[in-house]
Amino acid sequence: MALPYFIVDAFTNEAFSGNPAAVVPLLKWPADHWLQQVALEMNHPETAFYIPEKSGFQLRWFTPEMEVDLCGHATLATAKVLAHLGCLADGDIVSFSTLGGTLRAQRDGSRFQLDFPSLPQKPCLAPANLTEGLGIKPIYIGKNSMDYLVEADCASTVRALRPDWVKLASISCRGIIVTAPGDLPDIDCVSRFFAPATGVNEDPVTGSAHCCLAEYWSLKLKKVRLRGYQASTRGGLVCMEFCGDRVILEGDAVLVAEGHLLVDSPGMNRQDLNTAFT
């Protein structure tokens with residue numbers, strides 16, 4: 001039997017929008033090189049791999065170029081796959097052990113709530129190539145442990161950005177969040193996320209970026225619950241609840257495809273796979 005994989009569009013209730021992720025269930029970890037090759041072959045912003053453990057699952061995420069410490073949309077996609085496979089009933093909570101700490105996902109019908117760490121930022125000076133790479137004059141610049149946060153003057157500026165990828169790729173960070181107040185009655189903030197240094201010029205909908213945006217806009221707007229729209233070409237909606245050192249992210253996901261990998265990892269036991277996935 002071949003190894004199954006799934007393609008899920010996250011933070012959307014419509015296929016071909018939101019952020020696509022590949023999800024590959026495993027029984028044990030193969031070599032990191034093989035995981036990276038699969039992620040490159042899938043060529044999605046992230047590919048998630050998970051294995052079972054006593055208290056839930058171990059979960060890892062890879063862009064086409066590297067492993068990352070935290071990923072919201074591929075965690076949501078993994079929860080969707082677990083529900084599809086009958087491993088996550090409505091109302092149940094699943095725990096994931098990750099490089100970003102213990103994360104939890106709760107199913108609520110077709111929607112999922114993700115319990116993630118808050119990623120607050122602090123004001124900082126603009127690094128070389130940031131303003132030039134974005135082509136705007138920011139009204140605020142901050143940074144957390146992974147990303148720069150840039151506030152633009154308005155949502156239309158965020159939507160119209162045409163970044164210089166070479167300049168942004170030279171900045172030492174995971175990515176750059178550009179945000180502004182929302183321009184629709186039910187949207188608190190809009191954003192885009194650029195991460196050329198990780199092999200993803202623009203991420204369509206970035207759950208982990210909203211772990212920073214939740215804190216930033218909650219304090220500015222004096223609201224605990226917020227709705228953020230990521231204004232990429234595909235677009236997606238992320239609902240947020242700021243809880244101090246934690247952020248609850250909520251969104252839909254759509255399973256759009258499933259298939260099988262026909263190339264083994266060294267040491268992969270086909271008999272075990274037959275037992276686990278049939």
Exercise. Listed residues Ala79, Ala74, Ala83; which is in contact with a strand residue (DSSP E or B) (Cβ under 7 Å, 6 or more places away or on another chain), small (Gly, Ala, Ser) and free of Cβ contacts under 8 Å to residues at least 40 places away in the same chain?
Worked result: Ala83
Exercise. Pairs, please: C-beta under 8 Å, at least 6 apart or cross-chain, first residue open to solvent by 20 Å² or more (accessible area, probe 1.4 Å) and in the range 39-54, second assigned to a loop (DSSP other than H, G, I, E, B) and among the acidic types (Asp, Glu)?
Worked result: Leu40/Glu65
Exercise. What strands (runs of 3 or more DSSP E), lying completely within the range 1-61, carry at least 1 residues that are within 19 Å of Asp203 (Cα to Cα) and in contact with a Pro (Cβ under 6 Å, 6 or more places away or on another chain)?
Worked result: 3-10, 19-25
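Which residues, taken from the range 184-215, are of a type outside the set (D, E, K, R) and surrounded by fewer than 24 Cβ atoms within 10 Å (Cβ to Cβ)?
Keep residues of the range 184-215 that are of a type outside the set (D, E, K, R), which gives 184-185, 187, 189-191, 193-201, 204-214.
Those that are of a type outside the set (D, E, K, R) and surrounded by fewer than 24 Cβ atoms within 10 Å (Cβ to Cβ): Leu184, Pro185, Ile187, Pro196, Ala197, Thr198, Gly199, Val200, Asn201.
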Exercise. Is it the case that some residue within the range 135-149 is among the small types (Gly, Ala, Ser) and under 30 Å from Ala89 (Cα atoms)?
Worked result: no
Exercise. Restricting the range 106-130 to residues that are more than 17 Å from Ala214 (Cβ to Cβ) and of a type in the set (A, V, I, L, M, F, W, C), which is most open to solvent (accessible area, probe 1.4 Å)?
Worked result: Leu125
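The values are calculated or read from the model by the stated rules, or taken from the named source; none is laboratory data. Keep in mind it's a predicted model, so treat the numbers as computed, not measured. Note that we place each Cβ from the backbone using ideal geometry, even for glycine, and neighbour counts take in every protein chain shown. Ligands, DNA and RNA are stripped out before the accessible areas are found, and what is left, the full protein with its side chains, is counted by its heavy atoms. Shrake-Rupley method; radii C 1.70, N 1.55, O 1.52, S 1.80 Å.
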